[in-house]
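Accompanying notes for the structure given below.
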Amino acid sequence: MAQERINTLEELEAVAARFVGALPPRASAALVTLSGELGAGKTAFAKAAARALGVKEIVNSPTFVLEKIYALPSGSFKRLIHIDAYRLKKGGDLAPLGFDELMRDAGTLILLEWPEHVAESLPAPATRLSFAVSPDGSRTLSYE
């Protein structure tokens, strides 16, 4: 498992841009799970990744709507799906979002916050990202 220390929002932006730029094309959707306590940086990472992919609209947490879909202007992905599973109780709660269909689309990148809430319904993710806050306020990003 690799780790990166992130001290500033600018560093987070750079890490997110580097991460999404290195994602390889796949036969199905690329699923990236984002874990960590409240305020650890999951949504900030998703916002930075969206900007790096060319999303011009405001990106905010889909906590209450559960899912937001962004068309991407170019690159290997056609759309970004940002899902926040914080309010979900079980994996079956992903079905109304059309999750299985989304996973079949190779042109889709899915960033899923709080995967532990729906773990039993998730295929093996392309990458698992975990955010932790240090006592000094910096973040540690671990990924596998």
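Net charge within 15 Å of Glu11 by Cβ-Cβ distance, Lys/Arg positive one each and Asp/Glu negative one each, not counting Glu11 itself? Computed value for this residue: +1. Think of it as helices only: each DSSP H run of n ≥ 4 in the chain is worth -39500 (n - 2.57), and spread over all residues that comes to -6000 deg cm²/dmol at 222 nm. Taking a ≥ b ≥ c as the square roots of the Cα gyration tensor eigenvalues, the stretch 1-77 comes out rounded, since a/c falls below 1.5. 3J(HN,Hα) couplings calculated from phi for the stretch 111-116 with the Karplus curve 6.51 cos²θ - 1.76 cosθ + 1.60 (θ = phi - 60°) are, in sequence order, 9, 10, 7, 6, x, 4 Hz; Gly and Pro show x. Across the stretch 30-37, computed HN-Hα scalar couplings (Karplus, 6.51 cos²θ - 1.76 cosθ + 1.60, θ = phi - 60°) run 8, 9, 10, 9, 10, 10, x, 5 Hz from first to last residue, x flagging Gly and Pro. Peptide packing: for 28-36, 131-139, 85-93, the average count of neighbouring Cβ atoms within 10 Å per residue gives the ranking 28-36, 85-93, 131-139, highest mean first.
Whole-Hz Karplus values for the stretch 88-97 come out as 7, 9, 7, x, x, 5, 7, 4, x, 7 Hz, taken residue by residue from phi with 6.51 cos²θ - 1.76 cosθ + 1.60 and θ = phi - 60°; glycine and proline positions read x. Rounded to the nearest 20 debye, the dipole magnitude of the stretch 2-143 is 260 debye, with +1 charges on Lys and Arg beta carbons, -1 on Asp and Glu beta carbons, and the Cα centre as origin.
Per q in 0.15, 0.17, 0.25, 0.30 Å⁻¹, report the Debye log10 I(q)/I(0) for the stretch 1-46, using one uniform scatterer on each alpha carbon and no solvent. Reported log10 I(q)/I(0), two decimals: -0.46, -0.58, -1.11, -1.32.
Set the bar at 18 Å for Cα to Cα. Now go through Lys47/Lys89; Lys42/Lys68; Lys56/Lys78 and name every pair that lies beyond it.
Lys47/Lys89
Its convex hull of Cα atoms gives the stretch 2-143 a direction-averaged projected area, equal to a quarter of the hull surface, of 8.0 nm².
Bear in mind these aren't lab numbers, they're just calculated from the coordinates by the rules spelled out. Only a predicted model underlies this, so the values are computations on that prediction, with no experimental measurement involved. As a convention, Cβ positions derive from the backbone with ideal geometry for all residues, glycine included, and neighbour counts pool all protein chains shown.
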